[in-house]
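Here is the structure we will look at.
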Amino acid sequence: MTSTTWRGLTLALLIGASASALTVAPALAQAAKKPAAAPAHPWLNAKLAADKRADLALAAMTNDEKFTIIFGYFGSDMKPKYTRHPDSLDASAGYVAGVPRLGIPGQWQTDAGVGVATQGSHQDLRARTALPSGIATAATWNPELAFKGGAMIGKEARDSGFNVQLAGGINLMREPRNGRNFEYGGEDPWLAGAIVAAQIKGIQSNHIISTIKHYALNGQETGRFVVSSNISDAAARTSDLLAFQFAIEQSDPHSVMCAYNRVNGTYACENDWLLNTVLKKDWGYKGYVMSDWGADHSSAKAANAGLDQESAGDAFDKAPFFGAPLKADLAAGRVSQARIDDMARRVLRAMFASGLVDHPLKGGPDALPAAELAAHAKVTQADAEEAIVLLKNDGDLLPLVKTAKTIAVVGAHADVGVLSGGGSSQVYPAGGRAVKGLQPATWPGPVIYYPSSPLKALQARYPGAKVVYDDGTDPARAAKLAAESDLALVFADQWTTESVDAESLNLPGNQDATIDAVASANKKTVVVLITGGPVVMPWLDKVGAVVEAWYPGTAGGEAIARVLTGEVDASGRLPVSFPKSVADLPRPKLDGDPKKPGDLFDVNYDIEGAAVGYKWYDLKQVQPLFPFGHGLSYSKFAYSNLTASAAGDKVTVSFDVKNVGPRAGKDVPQVYVGPKAGGWEAPKRLAGFKKVSLAPGASQHVTLTVDPRLLAVWDGKAHGWSIAAGQYDVALGSSSRALASTAQVTLAARSLPVSPAGK
Ligand code: BGC
C-alpha cells in the first residue's frame, strides 16, 4: 500500500467512527443527535481528553498492534545499506506504522529545527524554507519570532506529509567546537528554554508532534556514539537538564529524543536516571521517548529504563530491538506487560494530544506552492534580521553610508548565496544549490549554499555605486580590490555539520589571512561572519566592524543586506560567549579521537559543572572576546528605575528602557541574579530578558518575574530546590559584562519541589 492510500484509509475510518471529531456534513450531524449505539471507535472522539482516548485505544489493541507503534523504520534509500520502508516518504527520517483497523494513523517523521529536511545527498528533493540556524534564532532573544518560525516550518512539515518533526535541539553549548552548535539554543538554560519552547509550540500549533532533543548532555560530535558525559546530579539539573525542563514545561513537546552518548557511563537511551527518574517521575513528563537514529542498544534494558519507541530500528541499531527481541523479553518476563502498555499508551496519548489523529494529513507534495514559499521566505527573513549580531562598530562604519561609490565584497560565495549547516537537519533550497561541486558531497555533507546573494541584495540597494566581488581565495588580490574601494565587506564562513566537530575556532582555509590583508589595505573593513558558532578573530583590532550572521537561512542574503544598510536595526544579541582562545575553555583540548570512533571515553563535565558559558568566564574571571548577551544597536538605549522585590520565592523585577538614540531600534535588556554570599556554580545567572522595539525618544516599562529555580541550588538529599536565605544582587544590563545598575532583594530560606508537575 502506498503512503497516500494509507492516509486516505485513515481518513475514511475517522469519518466513519467519530462524527464529532470532524467537521461533518449536516445529514451526518443530524444522525449523530439520535441516541445511537456506542461508537465503534470511541477514542476517535476529539471531545474526550487525550489520556482517556489513549486508554480506550490501548484497550482495543492487540499486543502486536502495541508493538507496531513503538517501532520505527528508516525513511530513506541509501543502497545497498538501507532500504526505506515502502510507506515512508522518500528521503525522510523515518516512519512508524499505524493501526488502520482502529483509525490510528502512521507517523511520518522529518527533521529538524530549521525546516523540513531531506535525508541523503543522492537527490535534491523537497525544496523547503530554511529558518536561520537554531543558535541564530536564539540570538534574536525574541520568543515571538521563534514561535512564528516554528509555526512556519511545522506547516511545511504538515504540507509535506509529515506529522512528527524531529526539532527542538536544546543541548547547551559546552564546547564551541561542537559541530552541531548551530542546531541548538546557546549556552543558557533560561534563554535556550524560552526560545526552543516557543519554536516547539509553533511547530505543534500545526497539530503535529515535535520532539525536543538530544536528551541529554550531547555536547560534542567527536565520539558521539560512545562518549560518556560525566557530571554530578546537581550540576546536570542546574544546567543542561534545566534547559530541557524549562522548555518542556513551557511547550509540552509530545516527544523527547534520547541522545547517542552515554551519561555517567550509561547510554542515554537506556539511562534509568535520565528517562525514568528525572524526565518521567521528577518532571511528570507524559509524552513518549524516542531513540535517536542508532541510539538504542538493547530491548528490555532500554524499555525498562524508559525508552518508549525505537527509531529506525530496521536500519541503524545493531538489531531491531523493539521488534522480535522485545517480544521475546516479554514472553520471558524480562519486561512487563504493564511496561509495554505504558510505551504504547504514551505514543497514543501524544498522537491524540497533538491533534494529529483529528487532523489527518492530506498528502505530501514534492513541491509546495510558490505562494507558500514566498510567504515563508518573509518569516525566515524576519528571523534572520533579528538574529544578526553587530559585534563591533568603530566610528559608526555601519550602517553603510549611501555615499560610498565603490564597495568591495569579498569571499564566502557572497556573490551567489549563504552557507547552511550540514547533517540530518539539512534543508534543500528552492532554486537549487547556489554553489555546485563542493566537498564533502555526501555525508556529513553535502555542503549547501542557499541561493540568496548578499552581493545582489547590496547591489540592488546601491544602484549608483560599483559593488564588486572577489572570491577571497587570494588575499593579495582581495587586498588590491579593497585598496581601490571606499570600503570593503569581507564575508567569511565556517561550515559545521553533524557528526564532526570543528578542528579549531579559527576560520577555515586562509580566511583569517584574507581578512587581515583586506583590513591592512582599507581601514573601512567590515567583516560578516557566517558561522555555526563562535570563532576567534586574530584580526579584530584591525577591522572597523564585525557582524555575526550565523547560518541565516533561505532569505539570508537579503537579511544581511538590510542590516548592513540599516534598513532594520541590528538587534541580535549573543546567545553564547565568544572566547578569546581555546585555552580559556574548560577543555582546551577536545576529548576523544575522531580517528577511533569506536573507543569508549569520558568527558568530564564536572570541570565546569553547571558553570557553562558566561558562568565559566565569570567564575574564572576571564575576559571573553565577546560576552554572552552582547550586541550593538544602531540606536542607543538607557535603563532607569530598576526595582526588585521579593514575595516568598517570587522575585519581581521592573525597570524602564528608553531609546535615547537617533533612530528606531530594538534592545534586549537583561536581568542577572546572584547571591551576595556566593554558593552558586558561578557569580550570576541570567534570570530574565525582554526584547523591546522603540521609536526614538520612546520608553517602555518592563516587569519580569524570576523563575524560583534560578534563585536556588539543587538539594540532592531533599530531592528538590533550595533557596538560601540572604541578600541577592539583581543586575540590569545590555550584556553579561555590561551591567548598568543593580538592586538587591533579601530572600528567606525556602525549599521547592523538583518541578511543578512532579512530586
Ligand atoms: C540525528 C538526529 C536526527 C536523526 C534522524 C540523527 O543522526 O542525531 O538529530 O533527528 O538522525 O535524521
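Read-outs: derived from the displayed coordinates by stated rules, not from any lab. Computed from a predicted structure; not experimentally measured. When we count neighbours, we look across all protein chains shown, and the Cβ atoms used for this are built from the backbone with ideal geometry, even at glycine.
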Cα Rg over Rh - region 632-758, Kirkwood: 1.04
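Can you list the GluC sites (Glu not before Pro) in region 529-622 that are in a DSSP coil and have 13 or fewer other beta carbons within 10 angstrom? Spell out each step's value before the answer.
Details: sites: Glu548, Glu558, Glu567, Glu608; in loops: Glu567, Glu608.
The qualifying sites are Glu567.
If eta is 0.890 mPa s and T is 25 °C, what Stokes-Einstein diffusion coefficient results for region 375-576, Kirkwood Rh from Cα pairs, in µm²/s?
Working: Rh = 16.7 Å.
Stokes-Einstein gives a translational diffusion coefficient of 147 µm²/s.
Apply the a/c threshold of 1.5 to the C-alpha gyration tensor of region 43-198 and tell me whether it is rounded, prolate or oblate. Provide the component values of the computation, followed by the final result.
On the way: a/c = 2.12, a/b = 1.39, b/c = 1.53.
Taking the square roots of the gyration eigenvalues as a ≥ b ≥ c, region 43-198 is oblate.
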Relative contact order (%) - criterion: Cα under 8 Å, at least six apart; region: region 632-758: 26 percent
One quarter of the C-alpha convex hull surface, i.e. the mean projected area of region 672-732 in nm², amounts to 5.3 nm²
What ranking, highest mean first, results for peptides 72-79, 170-177 when packing means the other Cβ atoms within 10 Å averaged over each residue? 170-177, 72-79
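Could you tell me what % of all Cα pairs in region 628-679 have separations over 17 Å?
Working: 689 of 1326 pairs.
Considering region 628-679, 52 percent of its Cα-Cα pairs are separated by more than 17 Å.
Percent relative contact order of the chain, based on C-alpha pairs within less than 8 angstrom and at least six residues apart?
With pairs under 8 Å counted, the relative contact order is 14 percent.
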So how far, in whole Å, is the C-alpha centre of region 127-155 from the one of region 220-276? 24 Å
What's the center-to-center distance, using Cα atoms, between region 451-484 and region 602-670 in Å? 36 Å
Have a look at the DSSP beta bridges in the chain and tell me what percent are antiparallel, nearest 5. 60 percent
Using Cβ contacts closer than 10 Å as the measure, can you line up Ile70, Ile530 from fewest to most? Ile70, Ile530
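Order these by the 10 Å Cβ neighbour count, fewest first: His630, His297. Before the final figure, lay out each step's value.
Numbers: His630 24, His297 19.
With the fewest neighbours first, His630, His297 line up as His297, His630.
Report the equivalent ellipsoid semi-axes for region 113-177 in whole Å, largest first, defined as the square roots of five times the eigenvalues of the gyration tensor built from alpha carbon atoms. Could the numbers behind the result be given before it?
On the way: eigenvalues 98, 53, 21 Å².
Semi-axes (√(5λ), whole Å): 22, 16, 10.
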Exactly which trypsin sites (Lys or Arg not before Pro) in region 599-698 are in a DSSP loop and have at most 15 other Cβ atoms within 10 Å? Lys636, Arg663, Lys676
Rank Thr83, Val226, Ala743 by how far each Cα sits towards the positive end of the charge dipole of the chain (+1 on Lys, Arg Cβ; -1 on Asp, Glu Cβ) and give me just the farthest. Ala743
When only alpha-carbon atoms are used, what values of Rg and Dmax, in angstrom, describe the chain? 26.0, 86
Peptides 591-603, 245-257 ordered by average Cβ neighbours within 10 Å, highest first: 245-257, 591-603
Normalised per residue, the volume of the convex hull around the Cα set of region 260-360 (Å³): 108 Å³
Give me the Kirkwood hydrodynamic radius of region 171-278 in Å, from all C-alpha pairs, to one decimal place? 13.9 Å
Simple Cβ-charge dipole of region 375-576, Lys/Arg +1 and Asp/Glu -1, about Cα centre, in debye nearest 20: 580 debye
Of Phe491, Phe352, Phe637, how do they rank once you tally other Cβ atoms within 10 Å and put the fewest first? Phe637, Phe352, Phe491
